[in-house]
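Comments concern the structure below.
The values are calculated or read from the model by the stated rules, or taken from the named source; none is laboratory data. A quick note: this is a predicted structure, and the numbers were derived from the prediction, not measured. Cβ: placed from backbone, ideal geometry, glycine included. Neighbour counts: every protein chain shown. With ligands, DNA and RNA removed, areas are computed over all heavy atoms of the protein, side chains included. Shrake-Rupley method; radii C 1.70, N 1.55, O 1.52, S 1.80 Å.
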Amino acid sequence: MITLIVLLAVVLLLAAAVYAVLALDPVFGAQAYRDRGHRLHNSPQFRDGKFRYPLPTSMATSTADKLSMLRDFAKGRPDARPAPGRLPVVKLDTAAIGRPGPLRVTWFGHSASLLEIGGRTILLDPMLGHAPSPFPRFGGKRYADTMPFEIEELPPIDAVVFSHDHYDHLDYGTIRRLHAKVGRFFVPLGVGAHLRRWGVDESRIEEHDWHETFEWEGLRLSCLPARHFSGRGLTGRDATLWCSWAIEGGGQKVYFSGDSGYGPHFAEIGERFGPFDLALMECGQYDPRWAAIHMSPEETVQAHIDVNGGTLLPIHWGAFTLALHDWNDPIRRASAEAARKGVRIISPRIGETVEIDGTKTGATAEWWR
């Protein structure tokens, strides 16, 4: 009996320690859904305490699947990461950011990108940290030892746009170093609570629901559906919204898919908001066992066609190993599928700025082979 009491006490102490970490460590952000007055509770996407995609999007896996994943991750693979020196990084000319000209995009690996459109500078999902983990010392390290720039070198940034709150997209350390340079943060419902806890002033945060279109500083932005999930820490799964974005300015339009499995929302977006001059489409960290929330490269190309995209920039690869495919499998397969379907595709080096003017694309060297 005494042994049982001691065991119970140990379990309770461990549970209390975990709760204290989640409550006190700012890296986990804050939970907006606990505020009964927050507008997320009135969202058509928020049902029974969770945000949901219209179609069933299950992440449930069988015991056999879980065991096979553990086995596969433990076994590893030789090409899960690029060999040293294989991943070229171009030094970003930060002094040139914001200069007049056509639509420009600079990819920083994974989904982090800089968009220059309509005279404005926008960072998309700027995860610029070393590892996509609440504890970077224990997370999967970024492939590149250096980034194309230091955050402190950046000029003022007009806006930051986030697609959801996962660690590989929304990084505490990045926000702490970056937020003073940013004029406005556009985020899906609930994600603003994380930013407020991290020191971003309320007046610079705008939260949006799916199907909301608004004007800002000469741009038109639309918060649009995606097929994914959300959450940080051990609680609040799917308690913040995830989304994609359409951004229009200077006579050109861009689609940013965020993270998404394949679904009918792509064709619906293409019909309502397309055509797009540029589409940054998720392409990486896929597996048949979680196919509902991450597209295969072939689905990425089809989704690009569905949204009526012009130039395709595959993202969500080239920085971290979060799945079991080879590090360059996403771009190899997407490039092959794009060639089969007549889709214009670019694969810039990390830090390489590409102009999108409808006639030339640049960044066509297959450095990743």
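Here are some notes:
- Within region 58-117, the set of residues being of a type in the set (S, T, N, Q) and either open to solvent by less than 10 Å² (accessible area, probe 1.4 Å) or at pLDDT 90 or above (or both) comprises T94, T106, S111, S113.
- Of the residues making up region 113-137, those that are touching a Phe, Trp or Tyr at 6+ places or on another chain (Cβ under 9 Å) and polar (S, T, N, Q) number 2.
- Near pairs, Cβ below 6 angstrom, 6+ apart or cross-chain, from region 85-97 (within 17 Å of E355 (Cα to Cα)) to any residue that is of a type in the set (A, V, I, L, M) and open to solvent by less than 30 Å² (accessible area, probe 1.4 Å): T94/L154
- All of P84, P100, P126 fail the test of being under 14 Å from the mean Cα position of the chain (by Cα) and outside any helix (DSSP H, G or I), apart from P126.
- Residue match in region 204-221 (condition: without any contact (Cβ under 8 Å) to a residue 60 or more places away in the chain and in a helix (DSSP H, G or I)): yes
- Restricting attention to region 252-280, the residues that are assigned to a loop (DSSP other than H, G, I, E, B) and either without any contact (Cβ under 8 Å) to a residue 60 or more places away in the chain or polar (S, T, N, Q) (or both) add up to 5.
- Residue within region 166-186 that is more than 13 Å from R232 (Cα to Cα), within 16 Å of the chain's Cα centre (by Cα) and not in a helix (DSSP H, G or I) present: yes
- Any chance W327 is farther than 21 Å from L114 by Cβ, open to solvent by less than 20 Å² (accessible area, probe 1.4 Å) and touching a Pro at 6+ places or on another chain (Cβ under 6 Å): yes
- Among the candidates T361, T353, residue that is of a type in the set (S, T, N, Q), open to solvent by less than 60 Å² (accessible area, probe 1.4 Å) and modelled with pLDDT of 95 or more: T353
- Qualifying residue in region 30-40 (condition: exposed (fewer than 11 other Cβ atoms within 10 Å of the Cβ) and at pLDDT 75 or above): yes
- Residue in region 142-153 that is open to solvent by less than 20 Å² (accessible area, probe 1.4 Å), touching a residue at least 12 places away in the same chain (Cβ under 8 Å) and touching a Cys at 6+ places or on another chain (Cβ under 6 Å) present: no
- Residue match in region 294-316 (condition: within 27 Å of L40 (Cβ to Cβ), modelled with pLDDT of 95 or more and of a type in the set (D, E, K, R)): no
- Here L322 passes the criteria (1) open to solvent by 40 Å² or more (accessible area, probe 1.4 Å); (2) in a helix (DSSP H, G or I) except the one numbered (2).
- Among the residues making up region 245-254, those that are touching an Asp or Glu at 6+ places or on another chain (Cβ under 9 Å) and closer than 11 Å to A279 by Cα are K253, V254.
- Sole residue being open to solvent by 10 Å² or more (accessible area, probe 1.4 Å) and in a loop (DSSP other than H, G, I, E, B), chosen from G236, G284: G236
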